[in-house]
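Report on the following structure.
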Amino acid sequence: MDFTFTEEQQAAVEAARAVFSGVAPDGVPSPALSPGAVAEEFDRPLWARLADADLLSLVVSPEHGGAGLDPIALCLVLRESAKVLARVPLLETSAVAMAVQRFGSETLGADILPRVGRGELVLTVGANGRTGHDTAELAVTARKDGELWVLDGVQTGVPWAQCADLIAVPAHTDEGRAVLALVPRGLEGLTLAEQISTSGELFAEARLDSVRIEGGAVIDAKGAWEWLRGLLATGTCALALGLGERVLSMTSEYTSKREQFGFPVATFQAVAVQAADRYIDLRAMEATLWQAAWRISTGAGGALPPAGDIAVAKIWASDGVRRIVQTAQHLHGGFGADTDYPLHRYHAWAKQLELSLGPAAAHEEALGDLLAAHPLGS
């Protein structure tokens, strides 16, 4: 079997590298230097360059002006973005756009997708529930009132909420059905309370108090929220992989130049073994990521539902990226704690990605439940 990426996917990577080549991680807010003093805006000039390079329309269907590529292509671009800590809502906007395209009405898609591709519309998702540890759709209730839907509840840790045009909010109905509501920022009844993430970025607690939205802005197709959450988790794994690759590269470069007793520290067995272990982590993160992205992209069958592959990928991503940045800090010595050097920013982002949409332990529990529900060989 041929596991190489397609020409279109490889072209997307080349375009992403060209756009991100001018991004400096030193420009990313540092939680160590300016805790709480984070700009509300993301990198708008970079967002415009992504639109000009057709990377915001990458996953949008051709009928709406896009390339119509799959989650694998999106993950390839996300991987490149994380290497430079690009401050753009690329994952959230693209993931919601794909959910609208897959599960939304034609009218909703025609309204949203072309504007997403042109960079005119920013989307985000409230995926963390009330506390960050509970099921997101259970944190908000949705009930019909004539032609409108009424939403009540709380979603915490919403990224880019202060600058997003629409917030995708999962909710549950009285019948226990999960729906996905696209809530405009500034709508009456929606309040955003500032929160600061582990990476130093501005998040928000979104409170919905009898928020009323039109029925056309609610996606109530079966499986829509579950599919979107799986895509978000897989995209987070892609970000963790790109970040880990860049950090290991930084560590290799540093230990090759730093000398002790007249020799580069990279030649010491203890250093080489630790770096080799982290390289193995990266290869496991990569293999499980592409397995999960392939399952989402193709819907191909397997011993477990795609959620099983997504859980495995997130387990490796969470544990792997944590070990990589910890080893990097250790091998950099005191230099790793220098705030003039970007490693501390990568460390903060790694911790955010590790815990985003659940740490490894949460996905191990989910995988156990899937294995119990789908005994292998049955």
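The values are calculated or read from the model by the stated rules, or taken from the named source; none is laboratory data. This one's a predicted model, so the numbers in the text were calculated from it and none came from an experiment. Positions of Cβ are generated from backbone atoms using ideal geometry, with glycine treated the same way; all protein chains shown enter the neighbour counts.
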Report task. Taking Ala164 as meeting all but one of (1) in contact (Cβ under 8 Å) with a residue 60 or more places away in the chain; (2) in the same structural domain as Asp309 (by TED's automatic domain parsing); (3) among the small types (Gly, Ala, Ser), write down the number of the exception. Result -> (2)
Report summary line: The residue that is farthest from the chain's Cα centre (by Cα), considering only those in the range 237-295 that are buried (at least 22 other Cβ atoms within 10 Å of the Cβ) and more than 21 Å from Arg322 (Cα to Cα), is Arg295
Query raised in the report: Is it fair to say Ala73 is of a type in the set (Gly, Ala, Ser), crowded, with 20+ Cβ neighbours inside 10 Å, over 19 Å from Trp225 (Cβ atoms) and outside the structural domain of Leu190 (by TED's automatic domain parsing)?
Result: yes
Report summary line: Residues of the range 301-332 being free of Cβ contacts under 8 Å to residues at least 40 places away in the same chain and either under 16 Å from Tyr346 (Cα atoms) or touching a Pro at 6+ places or on another chain (Cβ under 9 Å) (or both), in sequence order, are Arg322, Gln326, Gln329
Query raised in the report: For the range 107-121, does any single residue satisfy the condition of being among the aliphatic types (A, V, I, L, M) and more than 21 Å from the chain's Cα centre (by Cα)?
Result: yes
Query raised in the report: Restricting the range 117-171 to residues that are among the polar types (S, T, N, Q) and under 15 Å from Arg229 (Cβ atoms), which is surrounded by the fewest Cβ atoms within 10 Å (Cβ to Cβ)?
Result: Thr135
Requested in this report: For Leu113, indicate whether it is in contact with a His (Cβ under 6 Å, 6 or more places away or on another chain) and at pLDDT 95 or above.
Outcome: yes
Requested in this report: Residue by residue through the range 204-236, note down the ones that are under 30 Å from Tyr346 (Cβ atoms) and either surrounded by fewer than 20 Cβ atoms within 10 Å (Cβ to Cβ) or aliphatic (A, V, I, L, M) (or both).
Outcome: Ala204, Glu205, Ala206, Leu228, Leu231, Leu232, Ala233
**Report entry** Checklist (1) part of a strand (DSSP E or B); (2) polar (S, T, N, Q); (3) in contact (Cβ under 8 Å) with a residue 60 or more places away in the chain applied to Thr191, failing item
**Finding:** (3)
**Report entry** Candidates Ala328, Ala360 - the one that is farther than 16 Å from Tyr254 by Cα and either assigned by TED's automatic domain parsing to the domain that holds Gly244 or among the acidic types (Asp, Glu) (or both)
**Finding:** Ala360
Requested in this report: Among what's in the range 131-176 and is outside any strand (DSSP E or B) and hydroxyl-bearing (Ser, Thr, Tyr), pick the residue that is modelled with the highest pLDDT.
Outcome: Thr173
